[in-house]
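Structure, as C-alpha cells:
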Amino acid sequence: MKLNMVSLGPGDYELITLKALKALQSCDAICIPTKSANNSFEKSMTYKIVKKLMDEFSFEKTIIPMYSPMRFKQEDWQRQVDIVFDSFKLYEDLCFVTLGDSAVYSTVYYLLDIIKEQNRAIYDNCEVIPGVTSFSHASAKVKKPLCVGDSSFIIRPLHKRKVPFTTVYMRPKVGMQTDIIKDKKDIYTFENLNYEGEEILNYKKERVDKYMTLFIDFV
Ligand SMILES: C[S@@+](CC[C@H](N)C(=O)[O-])C[C@H]1O[C@@H](n2cnc3c(N)ncnc32)[C@H](O)[C@@H]1O
C-alpha cells in the first residue's frame with residue numbers, strides 16, 4: 001500500500017520531474033482533483049497534464065475523480081480522504097496529483113493532516129514528490145531571479161495581510177553559530193540533501209558544519 005503525493009509542475013507537462021513521471025507510470029490509479037461537481041475534467045489543467053503524459057509516454061491508468069470545490073471546508077477534505085481510503089480497497093499503489101509544488105498552497109497537506117490522524121499506516125507509506133513552482137517558472141520565463149547575492153524573497157498570500165510564515169535560511173558560512181536564528185518552534189536542519197552524509201534533524205544545529213545546509217522554520 002503506497003500513496004504518492006505527486007507534484008505536476010506549473011502546467012507545462014515537460015516540467016514534471018522524472019520521479020513524478022515514474023510514480024504515475026508505476027501506480028495502479030491516479031486521483032485527480034476537479035472543481036466540477038459532476039466530476040468532469042473539461043476545465044482541469046491537472047487532468048490535461050496527466051493525459052498528455054499518458055499519451056506521450058504510452059501508459060494508461062484508471063483515473064479517480066476527486067471533487068475539490070476549493071471552499072476550504074473540512075468536509076471537502078474529508079470526502080477526498082474517504083475516496084483515497086476506499087480506493088485502497090481496490091488498488092495497492094495510488095497517486096494523488098497537484099499543480100506546481102506540493103509545498104506551496106497545495107491540497108496535499110490538508111489531506112495528509114487528516115490521513116495522519118485517521119490511518120497512520122497510509123500516512124507512513126506516503127511519499128511526497130516535489131515539483132517546479134509557478135513562481136520558479138514565472139522567474140525563468142522573464143529571466144529574472146527571485147533572489148540573488150544578498151537579496152531574499154517572500155511569498156505573500158493576497159487575500160490576507162497578517163499571516164504566519166515559514167522562513168528558509170540558506171547560504172550559511174561554515175563554522176558560524178546559528179544563535180542569530182530566532183526560531184519559532186518547528187525548525188529543521190537539512191544537511192547535504194542527496195549528497196553523501198545527508199542529515200535531516202528536527203532541530204536547529206548550533207553550528208554550521210557544511211555549506212550545503214538549509215534551515216527551515218516551518219509555519
Ligand atoms: C493554490 S496555489 C498553488 C500553487 C502551486 N502549488 C505552486 O507550486 O505554484 C494557486 C496560486 O498559484 C499561482 N499560480 C499557480 N499556477 C499559476 C499559473 N500557471 N500562472 C500564474 N499563477 C499561477 C496563482 O497565484 C494561484 O492563485
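The numbers here are math on the coordinates, done by the rules we state, and not lab data. Predicted, not measured: the structure shown is a model, and the values here were computed from it. Because the Cβ atoms are built from the backbone with ideal geometry, glycine has one as well, and the counts that use them run over all protein chains shown.
Would you mind checking K143/K204; K116/K185; K160/K210; K48/K160 for any pair whose Cα atoms are more than 29 angstrom apart?
On the way: K143/K204 34 Å; K116/K185 20 Å; K160/K210 37 Å; K48/K160 31 Å.
In this structure, K143/K204; K160/K210; K48/K160 lie more than 29 Å apart at Cα.
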Legend entry - Most mobile of K184, K89, K143 in a GNM of the chain (Cα contacts under 10 Å): K184
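Quote the charge dipole size of the chain about the Cα centre in Debye, to the nearest 20; the model charges only the Cβ of Lys and Arg (+1) and of Asp and Glu (-1). Present the calculation step by step, with values, prior to reporting the outcome.
Numbers: 31 positive and 29 negative charges, 214 e Å.
Using only the charged Cβ atoms, the result is roughly 1020 debye.
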Legend entry - For peptides 1-7, 131-137, 58-64, sequence by mean Cβ density within 10 Å, most packed first: 1-7, 131-137, 58-64
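With the Cα gyration tensor of the stretch 2-134 giving a ≥ b ≥ c as the square roots of its eigenvalues, does the rule (a/c under 1.5 for rounded; else a/b larger than b/c for prolate; else oblate) give rounded, prolate or oblate? The partial results should precede the final answer.
Values: a/c = 1.38, a/b = 1.24, b/c = 1.11.
It is rounded, given that a/c, with a ≥ b ≥ c, falls under 1.5.
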Legend entry - Helix-only CD estimate at 222 nm, as mean residue ellipticity for the chain, using -39500 (n - 2.57) per DSSP H run (n ≥ 4): -8000 deg cm²/dmol
Inset, instruction - Any chance you could run the full-extension gain for K204 through K89? It's 0.36 nm times the residue separation minus the Cα-Cα distance, nm to one decimal. - result: 37.3 nm
Inset, instruction - Hey, can you grab everything whose amide H is under 5 Å from the amide H of G100? Only 5+ residues off in sequence or another chain; H modelled, so Pro and N-termini drop out. - result: L8, G9, G11
Inset, instruction - Putting +1 on Lys and Arg Cβ atoms and -1 on Asp and Glu Cβ atoms, find which of S36, T166, S151 reaches farthest to the positive end of the dipole of the chain. - result: S151
Inset, instruction - Enumerate the amide H contacts of N4 below 5 Å, restricted to partners 5 or more residues apart or on another chain; note that Pro and chain-start residues carry no placed amide H. - result: L94, C95, F96, E127
